[in-house]
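These notes are about the structure you will find just below.
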Amino acid sequence: MITKANMILAISCLCSVLLLSCNNTDVKTGQNKVQGTDTQQNEAQSVSGENRTMYETALVTDSLNTDIRLKLAANYYLNKDLEKAQFHYLKIIGYDKNNMAALFNLGNISYDQQQYGQAIKYYEAFLEKDKNNSNVRCDMATCYLNLDNPQKAIQILKENIKLNTNHLQSHYNLSVILKQVGKTTESEKEREIYNALLASQNQQNQ
């Protein structure tokens, strides 16, 4: 199982090889996406205890209030209560099947639960509205890898790199998968690109 770290570069062990998770630390609470920052943690803390009870109570009389339900679902997700988070996101999909935040997070929850086929369905629905989202496409590629379809994973990652040549995680994961399927030269090339991008990124952050 791929576990989440504090930042978008969550590292997981798969077949004794490290892959980078592109977007499972992100939680959409509406139109904005928060990426494992202090803001994300503060938001989770702010919707706890009495506030959570207040939101649950409000939904009893206003069950179609998407804003409240998204905040509540995000809190449950950030606190690793995937069952309750999934319940609320599915409620939203029930009356708003194209809700981007719900689709995004249902994909991530399915990913966390190792239900990779289901995760792909949610990611594909999300990508119908935001086809160039590099992070979602990258994690969808990892889903295919976990379903023993490395060629599909490679195809998606190569397409992702064409759309976003500087997407760090796609280069890294492509390097790993290419090595697994015996394409050593291509793998080394992608690793070199990844290392160069990472060094550039670290330099910019100094």
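Apply the a/c threshold of 1.5 to the C-alpha gyration tensor of the stretch 109-206 and tell me whether it is rounded, prolate or oblate. It comes out oblate by the Cα gyration axes. Overall form of the stretch 99-144: oblate. Here a/c, set by the Cα gyration tensor axes a ≥ b ≥ c, is 1.5 or more, and a/b is not larger than b/c. Our estimate of slack between Asp148 and Asn195, defined as 0.36 nm per intervening residue step minus the Cα-Cα distance, is 14.2 nm.
Taking 25 Å as R0, compute the FRET efficiency from the Cβ-Cβ separation of Ile93 and Asn132 and round it to 0.05. The partial results should precede the final answer.
Numbers: r = 23 Å, r/R0 = 0.90.
With R0 = 25 Å, the Cβ-Cβ based efficiency is 0.65.
The length gained on full extension between Glu124 and Asn166, counted as 0.36 nm times the residue separation minus their Cα-Cα distance, comes to 12.9 nm. For the stretch 163-175, putting each phi into the Karplus relation 6.51 cos²θ - 1.76 cosθ + 1.60 with θ = phi - 60° gives couplings of 6, 8, 5, 9, 6, 4, 5, 5, 5, 5, 5, 5, 4 Hz, in residue order, rounded to whole numbers and with x for Gly and Pro. Extending 7 Å from the Cα toward the beta-carbon at both Lys183 and Asn205 defines two label points whose distance is 2.8 nm.
Every number in this text was worked out from the coordinates using simple rules, so none of it is lab data. Everything numeric in this text was worked out from a predicted model, so none of it was measured. Don't worry about glycine lacking a Cβ; one is built from the backbone with ideal geometry, like all the others, and counts go over all protein chains shown.
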